[in-house]
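Some notes on the structure that comes next.
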Amino acid sequence: MNPALARLQPYPFERLRTLLAGAQPPAQLPPITLHIGEPKHKPPAFVLDALARNMDGFGSYPLTAGIPQLRTSIANWLTRRFRLPAGSVSPDTMVLPVNGTREALFAFAQAVTDPTAQPLLVMPNPFYQIYEGAAFLAGAEPYFMANDREHAGLPDLDRVPADVWKRCQILFLCSPSNPTGAVASIEYLQRALELAERHDFVIAADECYSEIYFDEAQPPAGLLEAAAAAGHTSYERCIVFHSLSKRSSVPGLRSGFVAGDAKLLQSFLLYRTYHGSAMPMPTQLASIAAWDDDAHVVENRTLYRQKFASVLPILREVMPVDMPEASFYLWPRVDDGERFTRQLFERQHVTVLPGSYIARDTPEGNPGRDRVRISLVATAPECVEAANRIRDYVSRRLG
Ligand SMILES: Cc1ncc(COP(=O)(O)O)c(C=O)c1O
């Protein structure tokens, strides 16, 4: 077997199952699960209709590059959303549809990494665990940058030693961040670009939460936007990952895309013709409908905004908890994330995720140890009920 497989860590939800094994939650309280980042809002009917209308597309093999209409919809969306210079994103060479960003993040690392050069893949901590697994399987080592501002912000790029940058082949950025909800500014992204140029590495910007934000007038910035603002309209070294999973609440559709540097994408397309399945035609056509429409995304954001507005005042009665800049996560500090999670489940039948399960130990400690991640993905009444139960749990412990 490939020895790198043995380095893969158990997935956070497996560790959670072990933590909660044998616990006896009160039977009279229905379970509420807030540990997974799986959107639960209703998928838009017009997207499902487009899927249903095009079922006969299952009768043919799709192309890895997708149909030109899909790549055009995506290029148009990117240009409109990130105010990119017209025509700067070529649908022919700068966009590739993928079956969700999870597999794309993993596959991209396999395609880009040169394992003979002692590669480091630099990533935030806490983080989306795929980055780490992708590094191991690509023959690289992960280098973790703690999300700072006491682990609720983004990594400080200037604290990474120069010898790490020298060996870095891919910098994974996640903005808006899972789990901290922090958003990178244009200046932050441009600093990353400067470093990438100076040390010759690629930036993989995971922007799959970019559409879950709260101020309609201030959408989160993106890497292509930062590159264009710095005059880099061919987006060298920049690859962005976007998904319909969170934006359009269709995690099961498995639809996303990568876009950016045409040279990198040419190699990635070659890789994907061998390893990676093409997006089925009905999914492509439903995805066009989704990327072409922004109104349903505004509605989606409204639902999240309402949930945060009703949940936060309840939680704040018993604990300090910040509104994230974007994303649907709360990332409050608790005493011990594992103990909090287990007791909350046992006493209130609410499931959250210990922060340490999506972070790694470092010489400075585990930056998720004293936090939990709460995903406001359930229905509004369930989120409010969960907040009331969390308040009861915390106030009884305090009292
Ligand atoms: C940070 C981050 N990136 C990528 C993904 C993958 O999403 P998908 O494969 O549905 O596009 C997730 C899913 O939870 C995520 O949290």
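Values computed for the structure shown
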quantity: Only Lys, Arg (+1) and Asp, Glu (-1) charged, at Cβ; the chain dipole about Cα centre in debye; calculated: 780 debye
quantity: Of all accessible heavy-atom area on the chain, the percent that carbon and sulfur account for (1.4 Å); calculated: 54 percent
quantity: Angle between the chain longest axis and helix 281-292 axis [Cα atoms, degrees, rounded to 10]; calculated: 80 degrees
quantity: Ranked order, K40, K166 - accessible area, probe 1.4 Å, largest first; calculated: K166, K40
quantity: Share of Cα-Cα pairs in region 311-399 lying beyond 17 Å, as whole percent; calculated: 46 percent
quantity: DSSP-assigned coil residues among trypsin sites (Lys or Arg not before Pro) in region 56-131, each with at most 16 further Cβ atoms within 10 Å; calculated: R83
quantity: In region 193-278, GluC sites (Glu not before Pro) in a DSSP loop with at most 14 other beta-carbon atoms within 10 Å; calculated: E216
quantity: Relative contact order (%) - criterion: Cα under 8 Å, at least six apart; region: region 34-149; calculated: 18 percent
quantity: Hydrodynamic radius (Kirkwood) for region 132-171, which is based on Cα pairs only, to one decimal in Å; calculated: 11.2 Å
quantity: Positive dipole terminus of region 77-160, leading residue within S90, G100, G139 (C-beta point charges); calculated: S90
quantity: Rg over Rh, two decimals, region 27-90 (C-alpha only, Kirkwood Rh); calculated: 1.17
quantity: The chain: most fluctuating residue of K246, K307, K42 per GNM, C-alpha cutoff 10 Å; calculated: K42
quantity: Calculated from backbone phi, Karplus (6.51, -1.76, 1.60) coupling profile of region 10-15 in Hz, x at Gly/Pro; calculated: x, 5, x, 6, 5, 5
quantity: Listed residues P280, P161, P91, most fluctuating in the chain (Gaussian network, C-alpha, under 10 Å); calculated: P161
quantity: Choice from M323, M123, M55 with maximal GNM fluctuation in the chain (Cα, 10 Å cutoff); calculated: M55
quantity: Positive-end residue, region 255-399 charge dipole about Cα centroid, Cβ charges, pick of L353, F340, A309; calculated: F340
quantity: Spin-label model distance (nm) - R53 vs S395, 7 Å beyond Cα toward Cβ; calculated: 5.2 nm
quantity: Dmax and Rg, reported as Rg then Dmax, of the chain (C-alpha, Å); calculated: 20.9, 64
quantity: Summed residue charge, Cβ within 12 Å of P25's Cβ, Lys/Arg positive, Asp/Glu negative; calculated: +2
quantity: Per-selection Kirkwood Rh - region 199-302 (Cα, Å, 1 d.p.); calculated: 15.2 Å
quantity: Tail beyond 17 Å, pair distance distribution of region 357-399 (Cα, percent); calculated: 53 percent
quantity: Convex hull per residue volume in Å³, alpha carbons only, for region 64-143; calculated: 126 Å³
quantity: Two-site label geometry, L303 and N2: point separation in nm, points 7 Å out along Cα→Cβ; calculated: 3.6 nm
quantity: GluC sites (Glu not before Pro) restricted to DSSP loop in region 324-399 with at most 11 other C-beta within 10 Å; calculated: E364
quantity: Distant-in-sequence amide H partners of Y143 (H built 1.01 Å from N, under 5 Å); calculated: L121, V122, M123
quantity: Alpha carbon centroid spacing (whole Å) that separates region 310-383 from region 246-290; calculated: 32 Å
quantity: Value of relative contact order over the chain, rounded to a whole percent, pairs C-alpha under 8 Å and six or more apart; calculated: 25 percent
quantity: Prolate/oblate/rounded call for region 1-59, Cα gyration tensor, a/c under 1.5 rounded; calculated: oblate
quantity: Accessible area per residue, Å², the chain with all protein chains present, probe 1.4 Å; calculated: 42 Å²
quantity: Per principal axis, descending, Cα span of region 8-115 in whole Å; calculated: 57, 45, 36
quantity: Approximate spin-label separation R159-E187, in nm, with each point projected 7 Å along Cα-to-Cβ; calculated: 1.8 nm
quantity: Theoretical gain in end-to-end length, A380 to D92 [0.36 nm per residue, Cα-Cα removed]; calculated: 99.5 nm
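The values are calculated or read from the model by the stated rules, or taken from the named source; none is laboratory data. Given the structure is predicted, the values throughout are model-derived calculations rather than measurements. Heads up, the Cβs are rebuilt from the backbone with ideal geometry, glycines too, and the neighbour counts pull from every protein chain shown. Side chains are part of the model used for accessible areas, which takes the heavy atoms of the whole protein and leaves out ligands, DNA and RNA. Shrake-Rupley method; radii C 1.70, N 1.55, O 1.52, S 1.80 Å.
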